[in-house]
1. Rolling a 1.4 angstrom probe over the protein heavy atoms, how many square angstrom per residue are accessible across the chain?
2. Across segment 64-70, in residue order, what do the Karplus-derived ³J(HN,Hα) couplings come to in whole Hz, using 6.51 cos²θ - 1.76 cosθ + 1.60 with θ = phi - 60° and x for Gly and Pro?
3. Short version: ³J(HN,Hα) in whole Hz for each residue of segment 49-61, in order, from phi by Karplus 6.51 cos²θ - 1.76 cosθ + 1.60 (θ = phi - 60°), x for Gly and Pro, what are they?
4. Assuming R0 = 30 Å, can you tell me the calculated FRET efficiency for the pair S16 and L37, based on Cβ-Cβ distance, to the nearest 0.05?
5. Answer rounded, prolate or oblate for segment 1-44, using the Cα gyration tensor with square roots of eigenvalues a ≥ b ≥ c: rounded when a/c is under 1.5, else prolate when a/b is larger than b/c, else oblate.
6. Short version: ³J(HN,Hα) in whole Hz for each residue of segment 21-29, in order, from phi by Karplus 6.51 cos²θ - 1.76 cosθ + 1.60 (θ = phi - 60°), x for Gly and Pro, what are they?
7. How large is the helix-only mean residue ellipticity at 222 nm for the chain, computed as the sum of -39500 (n - 2.57) over DSSP H runs with n ≥ 4, divided by its residue count, in deg cm²/dmol to the nearest 500?
8. If you compute semi-axes √(5λ) of the Cα gyration tensor in Å for the structure shown, which of [x] 19, 15, 12; [y] 32, 13, 11; [z] 22, 14, 9 do you land on?
Amino acid sequence: GRLLLTSSRVVFAGGSRTPAVAWHATREVLQRDRDLLFVRAGADEGYRFRCNSFVDALCGAAIARHLMRSARGLNAKC
């Protein structure tokens, strides 16, 4: 499958179920080894995605955090 990080949400394309989480509904983005964790706001649950490599997960987490801040209007000058 493919993990798509768009300006409005994260979407997993592949498999029988296609989970999508809007950035405004995401409380936190965590990276653990090769896993990306998207924790939903108002819940202790979320989605876990396994990346092909540690570097893919690291880059994905950085991009996801940037998009999450941008969607919330909290993006400071870089």
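1. 67 Å²
2. 4, 5, 4, 5, 5, 5, 4
3. 10, 9, 8, 5, 8, 4, 5, 4, 5, 5, 5, x, 5
4. 0.90
5. oblate
6. For segment 21-29, the Karplus curve yields 10, 6, 4, 5, 9, 9, 7, 7, 10 Hz.
7. Calculated mean residue ellipticity at 222 nm is -8000 deg cm²/dmol.
8. Of the labelled values, this structure produces [x].
The values are calculated or read from the model by the stated rules, or taken from the named source; none is laboratory data. This structure is a prediction, so every number in the text was calculated from the model and none was measured. Here Cβ is always computed from backbone atoms with ideal geometry, including for glycine, and neighbour counts include all displayed protein chains. Heads up: the accessible areas ignore ligands, DNA and RNA and are worked out on the full protein's heavy atoms, side chains in. Shrake-Rupley method; radii C 1.70, N 1.55, O 1.52, S 1.80 Å.
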